[in-house]
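Undergrad: Submitted below is the structure of interest, expressed as structure tokens.
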Amino acid sequence: MDLDQLNQTIAKIEADVAASLTDLTAVDAVRGLDTSVLGKKGTLGSLISGIKDYPPDQRGQVGQTINAAKGRVKELINQRLAGLQSAADAAEASSAGAYDPTLPGLRLPMGSVHPVTAVQWEIERIFERLGFTVESGPEMETEYNNFEALNIPATHPARDMQDTFWVKNGMVLRTHTSPVQHRSMKKFGAPLRVIVPGRCFRYETIDASHENTFHQVEGLMIDRDISIPNLIAMSQTLLTEVMQREVKLRVRPGFFPFVEPGLEIDMNCQICDGKGCPTCKKSGWIEILPCGMVHPNVLTAGGIDPEEYTGFAFGLGLTRLAMMKFGIRDIRVLNAGDLRALVPPERLGGPILS
Ligand code: FA5
């Protein structure tokens with residue numbers, strides 16, 4: 001065949017290949033074109049053997065024409081193979097990503113938490129088991145809720161017990177979590193079981209066991225026939241469970257205008273095991289759980305009849321308890337943003353994570 005015929009033959013082969021490639025969807029069939037078109041006996045490959053039939057001065061050009069056509073066909077085959085592969089990948093990805101509501105959820109790895117948060121979670125878990133609700137209240141409070149509703153009128157010397165940050169708008173940064181006692185009584189009435197973990201603020205000199213910003217957990221239980229033995233039994237259970245060992249408690253009379261009688265429950269210092277250290281100011285004891293029977297005036301202010309109901313309240317020093325649990329000697333570490341003080345998940349204990 002002359003050169004024109006050769007070019008027409010090659011053009012026809014290329015057109016046939018292009019047409020068949022759009023129809024072929026099986027990878028093996030596409031690969032088969034390597035042999036049937038490009039192979040020695042293939043429609044295009046076999047043309048090479050005819051080169052010798054051309055005049056010597058045309059053979060070079062014939063060879064180049066055939067090889068160029070082989071290159072283009074090879075390229076078409078490769079493009080089709082790549083297309084089939086990406087379609088297969090997409091199909092696999094979409095079936096893998098299909099939503100299956102019956103699969104169990106993914107458990108994400110948990111990060112470390114602040115020691116105060118770790119103990120707060122533990123206390124919430126203990127009290128929720130005892131039927132308490134976890135409540136919260138605002139950190140900026142009215143003077144009424146922080147003092148008056150708790151039987152501390154403006155002229156009462158007890159106002160000096162807690163050095164207060166006053167806000168220019170006449171409100172206070174709450175000095176304790178006790179204002180949420182009043183809020184909860186108003187919100188729920190009696191009977192009532194709440195705990196209130198939260199941050200408190202006092203304008204005081206900072207040392208190893210005093211911060212101007214610290215955490216407490218308020219507790220309030222109001223019902224018929226609540227008495228001091230209930231309160232002491234609950235304190236023992238709470239502190240033993242949080243510390244995960246026997247702790248010694250010391251009960252002393254205490255004065256707080258919102259309870260009558262008032263008690264101070266101290267725990268033997270867990271840093272020095274009661275021997276005396278800077279954290280416990282060499283006393284061997286840590287003031288941890290001031291408490292008492294809710295004063296009738298406080299019940300009345302909260303809309304609860306003191307003739308019908310009694311209750312106990314406590315204000316646990318959460319920050320100090322976290323120090324005792326994790327052996328932190330100086331309270332300042334806890335507000336310093338020091339990542340080394342964080343509690344890794346394995347030290348939280350299983351039940352907290354579940
Ligand atoms: C109160 O704040 C009372 N509202 C507690 C209360 C509630 C009594 C209900 C009776 C009934 P107190 O000022 O003692 O009490 O503080 C309670 C606890 O908070 C202390 O025992 C202590 O553990 C912790 N605490 C007090 N001041 C600081 C401080 N500056 N830094 C760290 N912890 C503190």
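Quick grid of which residues meet (1) modelled with pLDDT under 95; (2) under 16 Å from VAL217 (Cα atoms); (3) part of a helix (DSSP H, G or I):
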| site | (1), (2), (3) |
| --- | --- |
| ASN145 | no, no, yes |
| ALA158 | yes, no, yes |
| HIS176 | no, yes, no |
| LYS187 | no, no, yes |
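Undergrad: Every residue in region 250-264 that is assigned to a strand (DSSP E or B) and in contact (Cβ under 8 Å) with a residue 40 or more places away in the chain, please. Steps first, please.
TA: Applying the first criterion (assigned to a strand (DSSP E or B)) to region 250-264 yields 250-254, 259-264.
Within region 250-264, just VAL259 meets the criteria.
Undergrad: Looking at region 109-118, can you tell me whether even one residue there is at pLDDT below 85 and within 22 Å of the chain's Cα centre (by Cα)?
TA: Filtering region 109-118 for residues at pLDDT below 85 gives 109-110.
Among the residues that remain, those that are also within 22 Å of the chain's Cα centre (by Cα) are: 109-110.
Yes, because at least one residue in region 109-118 is at pLDDT below 85 and within 22 Å of the chain's Cα centre (by Cα).
Rundown of residues vs (1) surrounded by fewer than 18 Cβ atoms within 10 Å (Cβ to Cβ); (2) within 22 Å of the chain's Cα centre (by Cα); (3) at pLDDT 95 or above; (4) within 10 Å of the ligand (Cβ to nearest atom), yes/no style:
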| site | (1), (2), (3), (4) |
| --- | --- |
| MET267 | no, no, no, yes |
| CYS280 | no, no, no, no |
| MET293 | no, no, yes, yes |
| GLU307 | yes, no, yes, no |
| LEU316 | no, no, yes, yes |
| ARG329 | yes, no, no, no |
| ALA336 | yes, yes, no, no |
| VAL343 | no, yes, no, no |
| GLY350 | yes, yes, no, no |
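Undergrad: I'm told PRO191 meets every condition in (1) within 16 Å of the ligand (Cβ to nearest atom); (2) more than 30 Å from GLY337 (Cα to Cα) except one. Can you identify the failing condition by its number?
TA: Among (1) within 16 Å of the ligand (Cβ to nearest atom); (2) more than 30 Å from GLY337 (Cα to Cα), PRO191 violates only (1).
Undergrad: Mind checking whether some residue in region 282-297 is hydrophobic (A, V, I, L, M, F, W, C), touching a Leu at 6+ places or on another chain (Cβ under 9 Å), over 19 Å from GLN162 (Cα atoms) and in a helix (DSSP H, G or I)?
TA: Within region 282-297, not a single residue is hydrophobic (A, V, I, L, M, F, W, C), touching a Leu at 6+ places or on another chain (Cβ under 9 Å), over 19 Å from GLN162 (Cα atoms) and in a helix (DSSP H, G or I).
Undergrad: Something else: Only one residue in GLY137, GLY105 is in a loop (DSSP other than H, G, I, E, B) and in the same structural domain as LEU316 (by TED's automatic domain parsing), so which one is that?
TA: Numbers: GLY105 fails: in the same structural domain as LEU316 (by TED's automatic domain parsing).
The match here is GLY137.
Undergrad: Can you spot a residue in region 223-234 that is within 13 Å of the ligand (Cβ to nearest atom) and under 28 Å from the mean Cα position of the chain (by Cα)?
TA: Within region 223-234 (the criterion being within 13 Å of the ligand (Cβ to nearest atom) and under 28 Å from the mean Cα position of the chain (by Cα)), the answer is no, since none of the residues qualifies.
Undergrad: Going by the conditions given, is ILE271 part of a strand (DSSP E or B), of a type in the set (Val, Ile, Thr) and more than 21 Å from PHE147 (Cβ to Cβ)? It would help to see each step written out before you state the result.
TA: Details: part of a strand (DSSP E or B): no; of a type in the set (Val, Ile, Thr): yes; more than 21 Å from PHE147 (Cβ to Cβ): yes.
Here the answer is no, as ILE271 does not meet what is asked.
Undergrad: Under the condition of being of a type in the set (Val, Ile, Thr) and under 24 Å from ILE195 (Cα atoms), which residue from region 130-166 is nearest to the ligand (Cβ to nearest atom)?
TA: Within region 130-166, the subset of a type in the set (Val, Ile, Thr) is 133-134, 142, 152, 155, 164.
Keeping just the survivors that are under 24 Å from ILE195 (Cα atoms) gives 133-134, 142, 152, 164.
Details: THR133: 17, VAL134: 17, THR142: 16, ILE152: 10, THR164: 12 Å.
It comes out as ILE152.
Undergrad: So which of GLU246, GLU211 ends up being more than 14 Å from the ligand (Cβ to nearest atom) and farther than 15 Å from VAL294 by Cα?
TA: That would be GLU246, the only listed residue that is more than 14 Å from the ligand (Cβ to nearest atom) and farther than 15 Å from VAL294 by Cα.
The values are calculated or read from the model by the stated rules, or taken from the named source; none is laboratory data. Predicted, not measured: the structure shown is a model, and the values here were computed from it. We place every Cβ from the backbone using ideal geometry, glycine too, and count neighbours over all the protein chains shown.
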